[in-house]
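A.B. asks: Take this structure, written in structure tokens, and hold onto it; I'll ask about it next.
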Amino acid sequence: MDSSALVLFFIVAVVLVGGAMLFSSFVPPTSYNPAKFEPYECGIETIGGSWLQYTVGYYLFAIIFLIFDVETVFVFPWAVVMKHAGMTGYVEILIFFFILGLGLLYGWKKHALKWE
Amino acid sequence: MAEFSEKYIITDEIKADEYLVNIGPQHPSTHGVLRLLTRLEGEIVHNVEPHIGYIHSGIEKMTEALSYPQIVHLTDRMDYLSAHMNNEAVCLCVENALQVEVPERVKYIRTIFDELQRLASHQLWWCASGMDLGALTAFFYGLRDREDILDIFEETCGARLTLNYSVPGGVMFDIHPNFQKSVKAFITKFRKKLPEYDKLLTDNIIFQNRTKGVGVLSKEDAIAFGVTGPTGRASGFSCDVRKHHPYSAYPYIKFDEKLGTDGDSFMRWKVRMDEMWESMNIIEQLIDNIPEGDFAVKMKGVIKLPEGEFYQRVESARGEFGVYIVSDGKKNPYRVKFRSPGFSNLFTINHIAKGWKIADLVAIMATFDLVIPDIDR
Amino acid sequence: MGITSKKEFEKNDFPVLDSYEGGSIILTQLDALVNWARSNSVWPLTFGTRCCAIEFMAVGASRHDMARFGYEVARATPRQADMIIISGSINYKMAPVLKRLYDQIADPKYVIAMGACAVSGGPFYYNSYSIVKGADHVIPVDIYVPGCPPRPEALLYAFLQLQKKIKREKNFKKQLKK
Amino acid sequence: MKSFFNYIAEIFSGVWTLLTGMKVTAKYFFTPWKNVTQQYPENRDTLVMYDRFRGEVIMPHNENNEHKCTGCGLCENACPNGSIEIISKSIVNEEGKKKRIIDQHIYHLGMCTFCNLCVRACPSDAIVMGQKFEHAHWDRSTFTKVLNQPGSKIMEGIKE
Amino acid sequence: MAFEKYDFTPITQSIHQALIENVSPLLTTIIEWTIIGVLYLLFIAVFGLFLVYAERKVCAAFQQRLGPMRVGPWGLLQTIADFIKLLMKELITPKSVDKFLYNLAPFIVIIVPFLTISVIPFAPGLQSLDFDIGIFFVTAVSSVGVIGVLLAGWASNNKYSLIGGMRSGAQIVSYELSVGMSLITMVILAGTMQVSEIVELQRGGWFLFKGHIPALIAFTVFVIAGTAETNRGPFDLAEAESELTAGFHTEYSGIKFAFFFLAEYINLFIVAAMATIVFLGGWMPFHFGDWAAFNNVMDFIPGLVWFFLKVFGIIFLIMWFKWTFPRLRIDQILTLEWKYLLPINLFNILLMATMVLLGWHW
């Protein structure tokens, strides 16, 4: 089978979820009361909305992640041909990793790898 | 519903990036119906406001209509994990007021029950805080071993949790013939099980990272807030009532007061773990030497305290538990005030949880070992 | 052996609901299937107020093991729970919270009132100024378990009673009417 | 360099503590015969309560349908939460004297906290703690019980 | 070898031949797709339900209790009862949610494992898609799963959900790297990214043994990172029950919640299956040196059985983690990734490259 069969798996998943959700939204018993459709917060009414500006403590991680993720993309092809590339490929990747490692070390020492 | 929420509108403004999250009343880690109004910035806790009253049942007011044995029964429902200590406190207070000397046997039995109750309470604390920290298996191991103590309780008093075993003038029943045997069997068994607790959590690197240095309560603060019990002792505040104001059979025995130094969550944990060993030592000192004699002195049908004010403190599993009775000479007290350890312990939480993460708040709560009806009565 | 006789234990004295008009066999079979599933997978809300909560924990623990019934999946959010076990007293401040939690549970939902406080107010019935005299003043209760606190077996017996109660339900009435 | 070795040592000691933890759980996993679970509804036939277990208040009757309760009301007074109500009636006995005897000894199981104070207060041992615990019911009105059986009499020789 | 007789290729080939001779190519494709779709759907449904049951039994055994006992023999029908109940439970859509995204999230979390599972070879010839970039495909697709969790957290308009979703974002994004890099380590050894070829290369011995030290390190890292990627065990911060009640799926009820539940278990299976394929030789039997008799006996066990044995081994390991360790804090999770796993991984890749270059592997 070729990769177009991925569509099949996509369809199967959608049918499974959609079918079950359709069934479940019509058949089971329902009841109405106002509190049911309000957000749950341990039985107390929510104070203020939830869609506020949320302070994420990890935006620096996200940036470093980007660097490393792109790097992974570069390393995958190298990994496949590693056996054929031989010494040249090895030295090149050594340099590549050295620079990357320096970057990580720099971030580490600058306390970028710390949840603020 | 709208009126209900209006009562809780927060007076000071919510900052733009601040998150106002209610932890509780119904929340797995508040151990009851405590409400913590928490201000978060991302994961960081800015402010914790404990709101109590969700389990308030007016026990202090209720006691004004009850006779003394009935008050004893009601104290089971306050700090239900140290039910026997609460019973004993009221009984001791009444006995002191009437200047009744209870037989030695009663003193021994009461002390053994105190320590068994402390063990049971600490086991429950261990498993509940293990669950709060995410180690679910700990929950089951703690409760598994606790059942053995509950069996001993049930054999002698007929109840598992709300014992109502001490009565003014003695104890309700004599100990069961099997009592000494089963207590000794339990101690032997539990001495083997306790090191497992350490292996599973205390030594675990994840656990240590979660608790070491988290939520430090200094000794000065502990004293200022009136923090007692293992929580206070973890900060280095020597506050063991058993040591400083011995009652029942505590004057006859040797035991160490376990003091911590750091006052962080790990030290609170450690102090309680050490106390379990110490409790077993105390029981072993007493269990073979229970003197013969009556298990209660004959009291009058209707107990009337002389006019005056009486105070008695005991060391419950959570700290200093005090009973203050004002009597006007009738069969009901004029006013009763319970000094519960949880109340003073809880209100340090804003002080020490500030600046930590939400997961640390849960860890701090876990090591405080809160029982909400004890705080709220 | 101080427990109920076998006959009394197996007795099912729940009021019987009417059957479908025309006595549809398919719907009866479907009902049996759905009720079997529901009665065997009642997930409780993690909600505990007083001493009974400790016994509730003991029921979940190794000795008594609620998991045998398939009830061990205690959900902390009412959206996914099926049952509230009111384990302890409810006071006037807590009552709206309890009501709200109950409202937020997805249908079908069941309530077990555990212990004297939840059944009738128990020790706080006469002299307390703040306790609701029985949780059924706030939300409808399916099964009452007296005891202060009830021993774990008593709560397990309540689960059996709840199963009996669920098994006589008729689920497809609404669909029939349409 | 020292910090580097600390880093390595930290990893190994950390992993070691994790492994000891896993050993504890594995020990129980591989010894399933040591399980402590009691299977309640299945083990009903062998289930024995402790003899002091407090499950409910009962009034024992002998084979002639006689009980020991004199209707003195001490248990009603001793009860901290009003679970016991005594309704007495007056009858005229054979000697022509008026006498108060118990009509109904009402016991609210749903409110009882099993504190044993009523049993302690009873001078004639008329009420004791029973061991039945299977009380759960869908109707809470069934928890209000009349302890003295219909038509029962007081036993001979019980002092007033 | 003996186990070749369990090859599924002839069966699939003959079905394909029979179809293509009798009906048009388009119809053939449609029929084949239907068969495969139904088979996978059944497999995932049954396997997901079984894994939930297994988890409950395993955790019960760890905790000295029995687990589900009363529904069917040994509680075997427990999860089926759960499933029917969840299907018959009301779906609540709170008023304040972002309705489209709220309903989209369960689709995403289910679609992702469905796509990933397509490249997994269960036995010789029993694989539906065989890309030449199989490993890369798995890493790429599985990173989409986090979007479902993030959407669920954000769309619910609930504070707990949002915190849970955000945590999950940080966590999965980080551990994605470790999973990818430990796979890279093994790709260096294999020299290919085609899944079937990787399995085939392990005919002479599993990569875990062939690559010894660096492979062992990579395996450990993969299991840890895989646990974190499935939001399980000590890394279940996104739904940390004692902190955030139910985390990102706080507002989901009934069958929608069931899909999050199911996705967790399919993901668990995928992580275990990937570990099996890359490190433990997929459906290859266990051979020991030149013990011919032993090896022959091993060969008689079908490949399918071998595959599932190994998968269950890894799943048991991950469950063991979950039921032993306390939960990590969010900053500790990131510390573990960025200060421990990532440097170790970088070093490990170089180590493996050196080994391959010098021919020090078996």
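A.B. asks: Please compute, for the alpha-carbon atoms of the protein assembly as shown, the extent along each of the three principal axes and give them in descending order in Å.
C.D. replies: 116, 81, 68
A.B. asks: Okay, moving on. Where does each of B:194-206, E:8-20 land if you order them by average Cβ count within 10 Å, highest first? Walk me through the intermediate numbers first.
C.D. replies: Values: B:194-206: 19.7, E:8-20: 13.2.
The densest-packed peptide leads the list: B:194-206, E:8-20.
A.B. asks: Turning to a different aspect of this structure: Once all Cα-Cα distances of segment A:50-116 are split into 5 Å bins that start at 0, what whole-number percent is in each one?
C.D. replies: With 5 Å bins starting at 0, P(r) equals 4, 15, 19, 18, 14, 11, 9, 5, 3, 2, 1, 0.
A.B. asks: When only alpha-carbon atoms count, how far does chain A stretch along each of its three principal axes, as whole angstroms with the largest first?
C.D. replies: The Cα atoms of chain A stretch 70, 49, 17 Å along their principal axes.
A.B. asks: Further question on the same structure: Would you calculate, for the protein assembly as shown, the mean residue ellipticity at 222 nm contributed by helices, counting each DSSP H stretch of 4 or more residues as -39,500 (n - 2.57) and dividing by all residues, to the nearest 500?
C.D. replies: -16000 deg cm²/dmol
A.B. asks: Another question, then. Once you put a point 7 Å from the Cα of E:F100 and another 7 Å from the Cα of D:N77, both along the Cβ direction, what distance in nm separates them?
C.D. replies: 7.7
A.B. asks: In straight Cα distance, which lysines are under 25 Å from D:K145, not counting same-chain residues fewer than 8 positions off?
C.D. replies: Of all the lysines, those that pass the test against D:K145 - Cα under 25 Å, at least 8 places apart if same chain - are C:K6, C:K7, C:K11, C:K133, C:K164, C:K165, D:K68, D:K89, D:K99, D:K132, D:K153.
A.B. asks: Put +1 on the Cβ of every Lys and Arg and -1 on every Asp and Glu Cβ in the protein assembly as shown; which of E:S156, E:F294, B:V90 then has its Cα farthest towards the positive end of the dipole?
C.D. replies: B:V90
A.B. asks: Please compute one quarter of the surface area of the Cα convex hull for chain B and express it in square nanometres.
C.D. replies: 19.3
A.B. asks: Within 10 Å of each Cβ of D:38-47, how many other protein chain Cβ atoms are there on average?
C.D. replies: Details: counts 9, 7, 14, 9, 3, 1, 7, 3, 1, 4.
For peptide D:38-47, the averaged partner shielding equals 6.
A.B. asks: Rank the residues D:S3, B:S265 as a footprinting-exposure proxy: fewest other Cβ atoms within 10 Å of their Cβ go first.
C.D. replies: By the 10 Å Cβ count, ascending: D:S3, B:S265.
A.B. asks: Another question about this same structure. Please give, to one decimal in nm, the separation of the simple spin-label points placed at D:A26 and A:I95, each 7 Å out from Cα toward the Cβ.
C.D. replies: Calculated label separation equals 4.7 nm.
A.B. asks: Once you charge only the Cβ atoms, +1 for Lys and Arg and -1 for Asp and Glu, what is the size of the charge dipole of segment B:59-376 about its Cα centre, to the nearest 20 debye?
C.D. replies: Rounded to the nearest 20 debye, it is 260 debye.
A.B. asks: Same structure, new question: Could you check which residue among E:V38, E:V199, E:V311 shows the biggest mean-square fluctuation in a GNM of chain E with a 10 Å Cα cutoff?
C.D. replies: It is E:V38.
A.B. asks: Further question on the same structure: Specify the residue with the greatest mean-square fluctuation among C:I112, C:I26, C:I139, computed from a Gaussian network of chain C linking alpha-carbon atoms under 10 Å apart.
C.D. replies: The residue that fluctuates most here is C:I26.
A.B. asks: Another question, then. Determine one quarter of the surface area of the Cα convex hull of segment E:246-288, which equals its mean projected area, and express it in nm² to one decimal. Mind showing how you got there, number by number?
C.D. replies: Values: hull surface 16.9 nm².
Over every viewing direction, the Cα hull of segment E:246-288 projects on average to 4.2 nm².
A.B. asks: To continue, here is another question. Determine by what factor the alpha-carbon radius of gyration of segment E:152-227 differs from 2.2 N^0.38 Å, reporting the quotient. Present the calculation step by step, with values, prior to reporting the outcome.
C.D. replies: On the way: Rg = 17.2 Å, N = 76, 2.2 N^0.38 = 11.4 Å.
Against the empirical 2.2 N^0.38 Å value, I get 1.51 for segment E:152-227.
A.B. asks: Put +1 on the Cβ of every Lys and Arg and -1 on every Asp and Glu Cβ in segment A:3-109; which of A:V17, A:G48, A:P34 then has its Cα farthest towards the positive end of the dipole?
C.D. replies: A:V17
A.B. asks: Ranked highest first by average number of other Cβ atoms within 10 Å, how do E:286-298, E:52-64, E:241-253, C:40-52 line up?
C.D. replies: Highest to lowest by the protection proxy: E:241-253, C:40-52, E:52-64, E:286-298.
A.B. asks: Turning to a different aspect of this structure: Can you tell which of E:A140, E:A238, E:A152 shows the greatest fluctuation in a Gaussian network model of chain E with Cα springs below 10 Å?
C.D. replies: Most flexible of the set in this elastic network: E:A140.
A.B. asks: What FRET efficiency would be calculated for the residue pair B:K61, A:Y32, taking the C-beta separation as r and a Förster radius of 45 Å, to the nearest 0.05?
C.D. replies: In this case the efficiency is close to 0.65.
A.B. asks: Exactly which chymotrypsin sites (Phe, Trp or Tyr not before Pro) in segment B:90-159 are in a DSSP loop and have at most 11 other Cβ atoms within 10 Å?
C.D. replies: none
A.B. asks: State the number of lysine pairs found in segment E:92-358 whose Cα atoms come within less than 29 Å, restricting to pairs 8 or more positions apart or on distinct chains.
C.D. replies: Counting lysine pairs in segment E:92-358 gives 11.
A.B. asks: Moving to a separate point now. Once you sort the root eigenvalues of the Cα gyration tensor of segment D:1-58 as a ≥ b ≥ c, which label holds: rounded (a/c under 1.5), prolate (a/b larger than b/c) or oblate (the other case)?
C.D. replies: Since a/c reaches 1.5 and a/b is larger than b/c, the shape of segment D:1-58 is classed as prolate.
A.B. asks: Looking only at other chains, what is the average number of their beta-carbon atoms within 10 angstrom of each beta-carbon in C:102-114?
C.D. replies: 6
A.B. asks: Leaving out same-chain residues fewer than 8 places away, which lysines sit with a Cα under 17 Å from that of B:K304?
C.D. replies: B:K330, B:K331
A.B. asks: Beyond 20 Å, what share of the Cα-Cα pairs of segment C:85-166 is found? Please give it as a whole percent.
C.D. replies: Values: 1040 of 3321 pairs.
Taking all Cα-Cα pairs of segment C:85-166, the fraction more than 20 Å apart is 31 percent.
A.B. asks: Nearest 20 debye, what's the magnitude of the dipole of chain C about its Cα centre given +1 on Lys and Arg Cβ and -1 on Asp and Glu Cβ? Provide the component values of the computation, followed by the final result.
C.D. replies: Values: 24 positive and 16 negative charges, 58 e Å.
Result for chain C is approximately 280 debye, rounded to the nearest 20.
A.B. asks: Between C:Y110, C:I25, C:M57, whose Cα lies farthest towards the positive end of the dipole of segment C:24-170 when Lys and Arg beta carbons carry +1 and Asp and Glu beta carbons carry -1, centred on the Cα centre?
C.D. replies: Projecting each Cα onto the dipole axis, the largest value belongs to C:Y110.
A.B. asks: Using the Cα atoms of segment E:16-151 to build a convex hull, what is its mean projected area in square nanometres?
C.D. replies: For the Cα atoms of segment E:16-151, the hull's average projected area reads 13.3 nm².
A.B. asks: Using mean Cβ contacts within 10 Å as the protection proxy, how do E:21-31, B:346-356 order, highest first?
C.D. replies: B:346-356, E:21-31
A.B. asks: Give me a single rounded figure for E:73-82: the average over its residues of other chain Cβ atoms within 10 Å of their Cβ.
C.D. replies: Values: counts 0, 0, 5, 0, 4, 6, 2, 4, 9, 6.
Going residue by residue through E:73-82 and averaging, the value is 4.
A.B. asks: Dipole magnitude of segment D:10-63 about its Cα centre, charges +1 at Lys/Arg Cβ and -1 at Asp/Glu Cβ only, in debye to the nearest 20?
C.D. replies: Numbers: 6 positive and 6 negative charges, 65 e Å.
Magnitude of the dipole: close to 320 debye.
A.B. asks: Then there is this: In segment E:92-358, what is the volume of the convex hull around the alpha carbon atoms, normalised per residue and reported in Å³?
C.D. replies: Spelled out: Cα convex hull of segment E:92-358, divided by residues, is 120 Å³.
A.B. asks: Now a separate question. List the extent of the Cα atoms of chain C along each of their three principal axes, largest first, rounded to whole Å.
C.D. replies: Reported extents, whole Å, longest axis first: 54, 42, 29.
A.B. asks: What translational D, rounded to a whole number of µm²/s, comes out for chain D from Stokes-Einstein when the hydrodynamic radius is the Kirkwood one over Cα pairs, at 25 °C and 0.890 mPa s?
C.D. replies: In µm²/s, the coefficient rounds to 119.
Since every read-out is calculated from the coordinates, none of them should be taken as a lab result. None of the values given here were measured: they were computed from a predicted structure. Counting neighbours? That spans all protein chains shown, and the Cβs are built from the backbone with ideal geometry, glycine included.
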